[in-house]
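**Student:** Below is the structure I would like to discuss, written out as C-alpha cells.
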Amino acid sequence: MTEPRWTVLVVPHGPGKSKSLAVSRPALRIILGSALVLPLSALVLGYTTISKSVDIARLNHLDRQNQVLSQELRQTRQLINELTDTVKVISDRDRQFRIIAGLNPIDPGVQQAGIGGPSGEWPEREQLRSAGALGMEALNAHVDVSALIRQANLLARSFSEAADSAETQVDRLKRTPSIMPTRGFLTSQFASIRIHPIYQDARPHEGIDISQQMGAEIRASAGGIVSQVKLNEPGYGNLVAIDHGYGLVTRYAHCSRILVRPGQRVQRGQEIALVGSTGISTGPHLHYEVIVNGKHVDPRKYIFPESIVD
C-alpha cells in the first residue's frame, strides 16, 4: 500500500507562480512534533530559569537575614555578659547587706540551684539544636537569660528578707540602752553582794550609782515607752521605768522630779527626770538599772562610745 502524501500549495498574493510541496505522513509528524516541542521546551526552560532566579533571591534574602540575626545574637551575648557582671555586683552587695541585717549570706549551693539550667517543657529546644550554629547561639542565649531571671528573682527575695530584718535590727538598736543616763561619777558598781551604805549589811546592788548635782538632767538611755512612774517607792524614792521592747527595761531611781507620764513614748537622749536624793539615799545621785528578760544585768555592758550611738 502506497504511503499517503499531502500536497501543500503556496499561492502568492501578487504576481508570481504558485508552488506545491508534497509532504509525507512521517515528515508531517516531524513538523507537527517540532512545532509542539519547541514551545514546551521554551516554557520548561523559562520556568527553570525563573525558579532558579527565585531560589537565588530567596537564598540571598536568607543569607542577609542570617547575617542580621548573627549580629543581633552577638550584641545580645554582649548584653548578657554585661548583665551577668551587674548581677554579680548586686549579689556581692546582697551578701554584705544580709550580714549587716543580721542574716547569713545565701548558701552557694542554694544560689546555684536557683540559677541552674532551664527545667520543664521547652518544645523549641530541639528545634534550636537542629538549626545549626545560629540555633545553638540562640539556645545558649535563652539558657543564660533564663538563669539571670531566676537569679534576679532570688536576689529580689533575698533583698526583701534582708530589708525586713534590717528594719527590725534598726528598731532593736534604737531600743537598746547605749548611753549614760546622766553625766557624773560612778560611785557604786553593779554587784551581786555589797555592804549597804546605810544599813551596813550585805545586799545585792542591782544597778550602778552615778553621783551628780541636784537637779541635773536624766536622759532615757534608749527609745521605748514609759511603763512605770512611782513616787516614794520604798528604797527607790521617785522612780521611772522604761520598757524598750525585746525584753529590755531600764529603771531610774532617787529622782527629784519626773518629767514623763506612763504610756509616753520617749527617744534615746530625751530628758525624763532630774537627779535627786529621794528614797534611801546618802546624797544626790542616780541609781540606774538595766533588766534583760526579767534579770538584772550590769548597766555598764549597755554603755557604748558616743561615736556609735545613733
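**Student:** Inspect segment 252-273 for any residue being in contact (Cβ under 8 Å) with a residue 40 or more places away in the chain, among the charged types (D, E, K, R) and crowded, with 21+ Cβ neighbours inside 10 Å and give the result as yes or no.
**Tutor:** For segment 252-273, residues in contact (Cβ under 8 Å) with a residue 40 or more places away in the chain, among the charged types (D, E, K, R) and crowded, with 21+ Cβ neighbours inside 10 Å: absent.
**Student:** Taking the conditions exactly as written (acidic (Asp, Glu) and over 43 Å from the mean Cα position of the chain (by Cα)), does Glu233 satisfy them or not?
**Tutor:** Spelling it out, Glu233 is indeed acidic (Asp, Glu) and over 43 Å from the mean Cα position of the chain (by Cα).
**Student:** Would you mind telling me which numbered condition in (1) closer than 30 Å to Val290 by Cα; (2) of a type in the set (Gly, Ala, Ser); (3) at pLDDT 80 or above Ser160 fails?
**Tutor:** The number of the failed condition is (1).
**Student:** Filter segment 202-215 down to the residues that are surrounded by 16 or more Cβ atoms within 10 Å (Cβ to Cβ) and in contact (Cβ under 8 Å) with a residue 60 or more places away in the chain and list them by number.
**Tutor:** Glu206, Gly207, Ile208, Asp209, Ile210, Ser211, Gln212
**Student:** Restricting attention to segment 276-287, does a residue exist that is exposed (fewer than 15 other Cβ atoms within 10 Å of the Cβ), assigned to a strand (DSSP E or B) and either without any contact (Cβ under 8 Å) to a residue 24 or more places away in the chain or more than 41 Å from the chain's Cα centre (by Cα) (or both)?
**Tutor:** No, segment 276-287 contains no residue that is exposed (fewer than 15 other Cβ atoms within 10 Å of the Cβ), assigned to a strand (DSSP E or B) and either without any contact (Cβ under 8 Å) to a residue 24 or more places away in the chain or more than 41 Å from the chain's Cα centre (by Cα) (or both).
**Student:** Please go through segment 244-275 and give me each residue that is of a type in the set (S, T, N, Q) and either at pLDDT below 95 or assigned to a loop (DSSP other than H, G, I, E, B) (or both), ordered by number.
**Tutor:** Once the filter is applied, which keeps residues that are of a type in the set (S, T, N, Q) and either at pLDDT below 95 or assigned to a loop (DSSP other than H, G, I, E, B) (or both), segment 244-275 yields Gln264, Gln267, Gln270.
The values are calculated or read from the model by the stated rules, or taken from the named source; none is laboratory data. Note that the structure is a prediction, hence the values are computed from the model and not measured. In this analysis, Cβ positions are derived from the backbone assuming ideal geometry, glycine residues included, and neighbour counts consider all displayed protein chains.
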